[in-house]
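Structure record follows, encoded as structure tokens.
The values are calculated or read from the model by the stated rules, or taken from the named source; none is laboratory data. Predicted model only: the values in this text are computed from it and were never measured. Cβ atoms come from the backbone with ideal geometry, glycine included; neighbour counts cover every protein chain shown. Side chains are part of the model used for accessible areas, which takes the heavy atoms of the whole protein and leaves out ligands, DNA and RNA. Shrake-Rupley method; radii C 1.70, N 1.55, O 1.52, S 1.80 Å.
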Amino acid sequence: MSALKEEFNKYSEIVKNLKETPEDDVLLTLYGLYKQSTEGDCNIDEPGFLNFKAKRKYNAWKDQEGLEINKAIKYYIREVKRLIKQYGINE
């Protein structure tokens, strides 16, 4: 496993221990970057209009479409580091 993927895995665990929950838009951005980092471009059918939560998650991932996986990983790590500075983490 590459050092970048190891760092990604580390921060994807650390983010679960933030002292506060970030706003929904921030969480959706993280979700989109996470999915782009782990699966690449969105590969699922668009959810129905009335499935609001699934639709927002789909759009967050779709917004990252075309972003190269290593860049998505770097952006994800950068965002988690920013959130750690903003909220702190539970040890």
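Annotations
- Pair list, Cβ < 7 Å and 6+ apart or interchain, from region 69-91 residues that are within 17 Å of LYS16 (Cβ to Cβ) to residues that are open to solvent by 70 Å² or more (accessible area, probe 1.4 Å) and among the acidic types (Asp, Glu): TYR87/GLU20
- In region 58-91, the residues that are over 15 Å from LEU4 (Cβ atoms) and in a loop (DSSP other than H, G, I, E, B): ASP63, GLN64, GLU65, GLY66, GLY88, ASN90, GLU91
- Taking region 19-57 as the range and being closer than 21 Å to LYS85 by Cβ and part of a loop (DSSP other than H, G, I, E, B) as the test, the residues that pass are LYS19, GLU20, THR21, PRO22, GLU23.
- Being modelled with pLDDT of 95 or more, on the phi > 0 side of the Ramachandran plot and loosely packed, with under 12 Cβ neighbours inside 10 Å is true of GLY66.
- Annotation: PHE49 fulfils all but one of (1) without any contact (Cβ under 8 Å) to a residue 12 or more places away in the chain; (2) within 13 Å of the chain's Cα centre (by Cα); the unmet one is (2).
- Any hit, region 24-39, residues being charged (D, E, K, R) and buried (at least 18 other Cβ atoms within 10 Å of the Cβ): yes
- For region 2-18, a residue qualifies if it is in a helix (DSSP H, G or I) and in contact (Cβ under 8 Å) with a residue 12 or more places away in the chain, and the qualifying residues are LEU4, LYS5, GLU7, PHE8, TYR11, SER12, ILE14, VAL15, ASN17.
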